[in-house]
Structures are given as C-alpha cells and as structure tokens.
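Just below is one structure, and these are the notes that go with it.
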Amino acid sequence: MDNIELTFTEEVLDYIVDKAIEFKLGARGLRSICETIMLDAMFEMPSAKTEEFTITTDYAKHKLERIDLKILRAS
C-alpha cells in the first residue's frame, strides 16, 4: 500500500517461532508477536519515504524487550 518492500531474515523467523513455542502460543499469539515487532515501523516508515525495510533478529529482540511476553502465555 505504501510501496515499501518488507522482508524478514531467516533468523528472525526462527526467533519469532521460538518465542511462540516458549510461551505456548498459537496463531493469535504468533500474530501478536509479529505486530509488536512491526508496530512502530508500520507508522514511521510511510512518512520516512523508505522504500524497503528488513526485520532482523536484533531489531525484533529490541522491540520484544519492551513488552512482557508472559501476558501472551497460554493458560
């Protein structure tokens, strides 16, 4: 929609899946992790006139440090 090419490194995909497994999350939890990682970028990138953005493991770890993933844990 904003003509920004979004890519994920293979390592970050493994990291996201590992976090979902660690906290026993299903598809909705996996979606929540992805949204948490991408939330700031979704709002900042269009006005920054960026043409491409790559989500890396370091970026994902930094974003996930800001929240308590335990609130996503399945009962």
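Table for the structure above
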read-out	value
Cross-chain or 6+ apart pairs with Cβ under 7 Å, the stretch 33-51 first and polar (S, T, N, Q), then outside any helix (DSSP H, G or I) and at pLDDT below 90	Thr36/Ile67
Qualifying residue in the stretch 36-43 (condition: exposed (fewer than 11 other Cβ atoms within 10 Å of the Cβ) and either of a type outside the set (Ser, Thr, Tyr) or touching a Pro at 6+ places or on another chain (Cβ under 8 Å) (or both))	yes
Search result, residues across the stretch 1-33 that are within 28 Å of Pro46 (Cβ to Cβ) and among the acidic types (Asp, Glu)	Asp2, Glu5, Glu10, Glu11
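Residue-wise test of (1) over 18 Å from Ile67 (Cα atoms); (2) at pLDDT below 90; (3) loosely packed, with under 11 Cβ neighbours inside 10 Å; (4) more than 10 Å from the chain's Cα centre (by Cα).
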residue	(1), (2), (3), (4)
Phe8	yes, no, no, no
Val17	no, no, no, yes
Phe23	no, yes, no, yes
Lys49	yes, yes, yes, yes
Ile55	no, no, no, no
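This table checks each residue for (1) in a helix (DSSP H, G or I); (2) hydrophobic (A, V, I, L, M, F, W, C); (3) touching a strand residue (DSSP E or B) at 6+ places or on another chain (Cβ under 6 Å).
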residue: Asn3; (1), (2), (3): no, no, no
residue: Val12; (1), (2), (3): yes, yes, yes
residue: Tyr15; (1), (2), (3): yes, no, no
residue: Ile21; (1), (2), (3): yes, yes, no
residue: Phe43; (1), (2), (3): yes, yes, no
residue: Thr54; (1), (2), (3): no, no, yes
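The values are calculated or read from the model by the stated rules, or taken from the named source; none is laboratory data. Keep in mind the model is a prediction, meaning the values are calculated, not measured. All Cβ positions, even for glycine, are placed from backbone atoms using ideal geometry, and neighbour counts span all protein chains on display.
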